[in-house]
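See below for the structure under consideration.
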2 protein chains.
Amino acid sequence: MKKDFIVTPWEVKGNIDYDKLIKEFGTEKIDDKTLNRIKKHTRDIHYMLRRNIFFSHRDLNWLLDEYEKGNKFFLYTGRAPSGPVHIGHLVPWIFTKWLQEKFNVELWFQLPDEEKFLFKENLTMKDTEKWTYENALDVIALGFDRRKTHFLIDTRHANLMYKEAVKVAKKLTFSSAKAAFGFTNETNIGQIFYTAMQAVPAFLPSVLAGKKIPCLIPLGFDQDVHFRYTRSVISKLGYYKPAIMHCRFLPGLQGMEKQGKMSASNEQTAIYTTDSKENVEFKIKKYAFSGGRETIKEHREKGGNPDIDVSYQWLTFLEEDDKKLEKIYNNYKNGSLLTSELKQILIEKLNKFLKEHQRKRELAKKQVERYIYKGF
Amino acid sequence: MKKDFIVTPWEVKGNIDYDKLIKEFGTEKIDDKTLNRIKKHTRDIHYMLRRNIFFSHRDLNWLLDEYEKGNKFFLYTGRAPSGPVHIGHLVPWIFTKWLQEKFNVELWFQLPDEEKFLFKENLTMKDTEKWTYENALDVIALGFDRRKTHFLIDTRHANLMYKEAVKVAKKLTFSSAKAAFGFTNETNIGQIFYTAMQAVPAFLPSVLAGKKIPCLIPLGFDQDVHFRYTRSVISKLGYYKPAIMHCRFLPGLQGMEKQGKMSASNEQTAIYTTDSKENVEFKIKKYAFSGGRETIKEHREKGGNPDIDVSYQWLTFLEEDDKKLEKIYNNYKNGSLLTSELKQILIEKLNKFLKEHQRKRELAKKQVERYIYKGF
């Protein structure tokens with residue numbers, strides 16, 4: 001089947017049809033009924049839910065059933081260190097933090113320091129070790145509760161994880177891995193095994209507690225395949241299948257069609273959390289794909305197209321205030337807001353956020369070790 | 001190519017042509033010149049070398065070159081726990097202990113508790129955990145120097161090993177693993193990855209010491225494929241290719257052709273280290289394949305065939321005294337020694353050995369933890 005888009009753990013590109021994704025991957029839409037169930041517990045509803053940024057799920061209603069029975073879940077998400085953290089990475093984490101707060105639950109955050117080493121030719125373990133530390137700072141800076149947040153670093157926690165990973169691996173054949181991930185005979189044997197390590201945090205807290213605990217994984221849709229592939233194995237091992245919530249992709253600066261999702265390895269697609277305010281301004285002004293017209297005159301007359309404008313798209317991921325956002329949308333569409341002005345709004349929003357983030361990121365340097373799971 | 005024998009890490013059977021094995025696997029014979037080089041350092045020469053039980057090697061002369069330059073090696077061998085230890089397992093370990101003593105070197109002994117779990121459908125990790133402990137007792141009972149012997153248990157030392165294993169795994173493709181081990185698309189992804197874990201102890205001491213140290217691996221020929229497959233990767237990672245010494249297989253009680261090598265999973269092929277003296281007597285009398293004649297009269301007249309007699313074969317692995325062995329050989333061949341008498345010699349030899357082994361095995365129960373590597 002010819003498709004206009006690609007969604008794999010290694011590449012996300014094209015005009016993504018999210019309805020098609022839901023159908024293809026066999027997930028469910030997060031509908032109003034489910035939103036209302038969530039709201040019963042959280043009182044308000046996060047803007048990423050209101051705006052359909054988190055749009056799809058697996059077994060979320062089952063998870064809420066369990067929660068309502070008093071069977072608390074834990075959260076699991078992560079980051080494979082291979083480069084600096086960018087704004088796109090923060091999207092599911094910001095939402096995860098909200099879930100942690102509202103449901104008052106534990107978060108297990110995996111930093112699989114071997115994953116990108118295995119998948120990227122020129123990346124060394126020394127590199128990923130450095131990025132593990134750097135990326136951990138960004139996670140901590142978002143304000144996760146230290147007493148309820150546990151980092152798992154695959155090589156540092158291998159004593160806990162490898163033993164469980166082989167139990168997963170025993171139940172998965174190469175041909176099934178091939179089908180799930182598109183592996184070939186030339187794929188290295190570390191890549192083939194890796195998905196078993198990614199499955200582990202979804203049930204490790206149950207192993208440690210000696211009882212089954214429900215798990216909720218908020219993630220970018222491209223990571224769904226790991227769990228689509230291993231959920232049934234996790235249940236065969238005697239644990240709950242993890243529930244999942246999927247979010248849309250933050251487009252790269254030059255737009256989804258041209259560049260795909262924001263990627264840390266392409267400087268021209270991304271705003272990093274460590275970028276200076278001058279750099280943010282420069283990149284947005286130079287690269288952010290515009291939905292505006294050729295001339296100011298034409299723009300004033302016909303208006304811009306916020307639906308393809310990257311600056312506007314980004315604001316939907318970052319601006320909490322619905323009314324402010326609606327105003328920007330309307331003003332851009334009717335031509336009263338110019339592209340340069342829209343970009344300026346985004347630049348200010350980003351720089352205000354990053355200034356605070358960078359301050360907290362500095363403070364995080366003293367806290368990294370405390371977040372790393374030590375209870376074994 | 002049709003062959004009369006099979007040698008893989010999972011099956012050893014048939015009339016093994018050891019010269020053919022050497023040719024096929026590209027190893028070298030341990031010749032008199034090499035034996036003399038060894039003797040220069042060890043003074044005497046172990047009966048397993050004199051008798052060609054250790055018959056083949058890789059890079060042994062290079063290892064001796066390094067040793068003579070003052071570059072000491074370490075030893076690496078191991079045991080994948082899946083059942084009780086039998087006499088056949090002890091063969092390379094007895095020789096390894098001699099090497100440790102004579103060269104005064106460290107031994108790293110791997111107990112890969114995930115290997116057989118991954119390869120045997122019905123074996124659980126609980127099972128291999130139990131066998132890890134039981135098998136460790138047998139290793140310790142042989143008298144390895146506690147200060148120079150370090151057990152590596154894959155799941156307990158995964159914090160050390162997994163990080164190094166992924167470096168090996170990155171350089172091995174599925175198609176190469178398929179060719180080396182005969183994997184298929186239905187092979188599980190843990191089996192595919194496992195060889196990377198088996199490679200690690202061959203260079204882990206170099207990682208820990210922060211310098212390249214030569215490694216010598218004494219092993220059964222069936223395990224050679226793991227290192228044939230990973231030696232070049234180990235060298236690409238910046239360490240020495242391990243040298244290897246290969247031993248012949250101790251036949252099962254009913255002989256190589258019928259049963260293959262002694263196998264722990266087949267009660268009728270094996271004498272376990274925990275067998276009672278009555279059980280040893282019973283099994284040898286009942287099962288040990290005889291090279292004797294149909295009747296005592298015929299045996300006295302025409303003599304027996306020690307070359308196919310399993311009791312005699314076993315004595316070549318166990319009886320240190322060449323003269324005693326020669327006498328047994330001649331007497332059996334000329335018919336003056338009957339099969340029942342030959343079996344009695346073996347029974348006494350075994351029971352004498354096992355009595356002492358079982359005593360030391362009891363004492364070992366207090367020592368297991370001390371042998372497990374803790375320097376990390």
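The values are calculated or read from the model by the stated rules, or taken from the named source; none is laboratory data. Here the structure is a predicted model, which is why all the values come from computation and not from measurement. Cβ sites come from the backbone with ideal geometry, for glycine too, and all protein chains shown count toward neighbours. These area figures cover heavy atoms from the full protein model, side chains too; ligands, DNA and RNA do not enter into them. Shrake-Rupley method; radii C 1.70, N 1.55, O 1.52, S 1.80 Å.
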### Task
Considering each residue of the stretch B:238-274, count those that are under 15 Å from the mean Cα position of the chain (by Cα) and of a type in the set (Lys, Arg), and give that number.
2
### Task
Identify the single condition in (1) more than 14 Å from every other protein chain (Cβ to nearest Cβ); (2) free of Cβ contacts under 8 Å to residues at least 60 places away in the same chain; (3) within 19 Å of residue A:10 (Cα to Cα) that residue A:104 does not satisfy, given that it satisfies every other one.
(3)
### Message
residue A:159 - would you say it is facing chain B (nearest Cβ under 7 Å) and either open to solvent by 10 Å² or more (accessible area, probe 1.4 Å) or not hydroxyl-bearing (Ser, Thr, Tyr) (or both)?
### Response
yes
## Note on the structure
Within the stretch B:171-190, the count of residues that are assigned to a helix (DSSP H, G or I), facing chain A (nearest Cβ under 8 Å) and touching a residue at least 12 places away in the same chain (Cβ under 8 Å) comes to 3
### Query
If you go through the stretch B:199-218, how many residues are under 29 Å from residue B:18 (Cβ atoms) and either in contact with a Gly (Cβ under 8 Å, 6 or more places away or on another chain) or in a loop (DSSP other than H, G, I, E, B) (or both)?
3
### Task
Determine whether residue A:195 is surrounded by 20 or more Cβ atoms within 10 Å (Cβ to Cβ), assigned to a loop (DSSP other than H, G, I, E, B) and within 14 Å of another protein chain (Cβ to nearest Cβ).
no
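Rundown of residues vs (1) out of contact with any Asp or Glu (no Cβ under 7 Å at 6 or more places or on another chain); (2) buried (at least 18 other Cβ atoms within 10 Å of the Cβ), yes/no style:
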{"position": "A:199", "(1), (2)": "yes, yes"}
{"position": "A:217", "(1), (2)": "yes, yes"}
{"position": "A:232", "(1), (2)": "yes, no"}
{"position": "A:237", "(1), (2)": "yes, no"}
{"position": "A:246", "(1), (2)": "no, yes"}
{"position": "A:249", "(1), (2)": "yes, yes"}
{"position": "A:252", "(1), (2)": "yes, yes"}
{"position": "A:259", "(1), (2)": "yes, yes"}
### Task
Taking the options A:56, A:82, name whichever one is closer than 30 Å to residue A:122 by Cα and among the small types (Gly, Ala, Ser).
A:82
### Task
Examine the stretch A:119-127 for a residue that is out of contact with any Cys (no Cβ under 8 Å at 6 or more places or on another chain), without any contact (Cβ under 8 Å) to a residue 12 or more places away in the chain, open to solvent by 20 Å² or more (accessible area, probe 1.4 Å) and more than 14 Å from every other protein chain (Cβ to nearest Cβ), and state whether such a residue exists.
no
### Task
State whether the residues of the stretch B:247-257 include one that is modelled with pLDDT under 95 and in a helix (DSSP H, G or I).
yes
### Query
Any residue at all in the stretch A:56-77 that is among the hydroxyl-bearing types (Ser, Thr, Tyr), over 27 Å from residue A:350 (Cα atoms) and open to solvent by 10 Å² or more (accessible area, probe 1.4 Å)?
yes
## Note on the structure
Looking across the stretch B:135-156 at residues that are in contact (Cβ under 8 Å) with a residue 60 or more places away in the chain and either within 20 Å of residue A:123 (Cα to Cα) or assigned to a helix (DSSP H, G or I) (or both), the single one that is most open to solvent (accessible area, probe 1.4 Å) is B:146
